[in-house]
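The structure appears right after this line, and notes come after that.
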Amino acid sequence: MVTWEQLEDMCQHCQACPLGETRTNVVFGVGNRQADILFIGEGPGEQEDLQGEPFVGPAGHLLDLMLSLIDLERSKVYIANIVKCRPPKNRDPLNTEQDACIGYLRAQTALLRPKIIVCLGRIAAMRIIDKDFRITKQHGQWFHRAGVAMTAIYHPSAVLRDPFKGPDTFVDLKSIQAKVRELCPDSFTPLVY
Ligand code: URA
């Protein structure tokens, strides 16, 4: 099996799809390589492309807030995307681009061996949980595959665009918090006064 370092190096040099020509930076992933919880987004946006790190733009600030609401933080989880290079003008990644890139995420998942996977939005849910996934109907539901508990919540960008998605997202986050308590209690940030 490849190491994290080998995998990251392969990604950094990847030209498997046309996004390799237009990217500024490969956005490999961030967080704790021993984490039990993997968050998967769709693909880098403008800020992520410039900084080489996932979820550092406006959606990322909301993701950080979401994590803090359930006693998590970036250092306790791992965050990656379906595609590692920015699709132009933030369009959805094409199936061909996802196909070219998904092997890297599979390898990251194999190295990480998470107990919980949280898909951020429709694109990740359709790729990871079920190709017919309906985010409006199925967000917050739990699926179990190969010993991994999986769920999807609205993408933070979708919540920013439509604050009416906030209450549902809060309920889903609380469900994730309960699942983390059940399956990976060590992932909690200790409460320090
Ligand atoms: N949206 C995503 O899906 N991923 C990022 O890294 C940033 C925004």
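The values are calculated or read from the model by the stated rules, or taken from the named source; none is laboratory data. For clarity, every value in this text was computed on a predicted model and none was experimentally measured. Cβ atoms come from the backbone with ideal geometry, glycine included; neighbour counts cover every protein chain shown. Please note that ligands, DNA and RNA were not included when accessible areas were found on the heavy atoms of the full protein model with its side chains. Shrake-Rupley method; radii C 1.70, N 1.55, O 1.52, S 1.80 Å.
The table below gives the values:
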| quantity | calculated |
| --- | --- |
| Ranked order, Met126, Met66 - accessible area, probe 1.4 Å, largest first | Met126, Met66 |
| Label-to-label distance, nm, for residues given as Thr24 and Asp132 (7 Å Cα→Cβ offset) | 4.1 |
| For the range 118-193, alpha-carbon Rg and Dmax in angstrom | 13.4, 46 |
| Relative contact order (percent, whole number), the chain, Cα cutoff 8 Å, 6+ residue spacing | 24 |
| Heavy-atom SASA rank of Trp142, Trp4 (probe 1.4 Å, accessible area, largest first) | Trp142, Trp4 |
| Dipole moment magnitude, nearest 20 debye, the chain about Cα centre, only Lys, Arg, Asp, Glu C-beta charged | 500 |
| Residue-span extension gain [Asn90 to Arg181] - 0.36 nm each, minus C-alpha spacing | 29.3 nm |
| Unit charges at the beta carbon, dipole of the range 14-108: most positive-side option, Gly41, Cys17, Val30 | Cys17 |
| Positive-pole candidate from Pro93, His144, Ile79, dipole of the chain, charges at beta carbon | His144 |
| Sorted largest first, extent of the chain alpha carbons per principal axis (Å) | 45, 37, 35 |
| Förster-model FRET efficiency, 22 Å R0, Asp64 and Leu111, C-beta, rounded to 0.05 | 0.35 |
| Gain in span if fully extended, Val2 to Gln141, counting 0.36 nm per residue against the direct Cα distance | 46.8 nm |
| Approximate spin-label separation Gln12-Asn32, in nm, with each point projected 7 Å along Cα-to-Cβ | 2.5 |
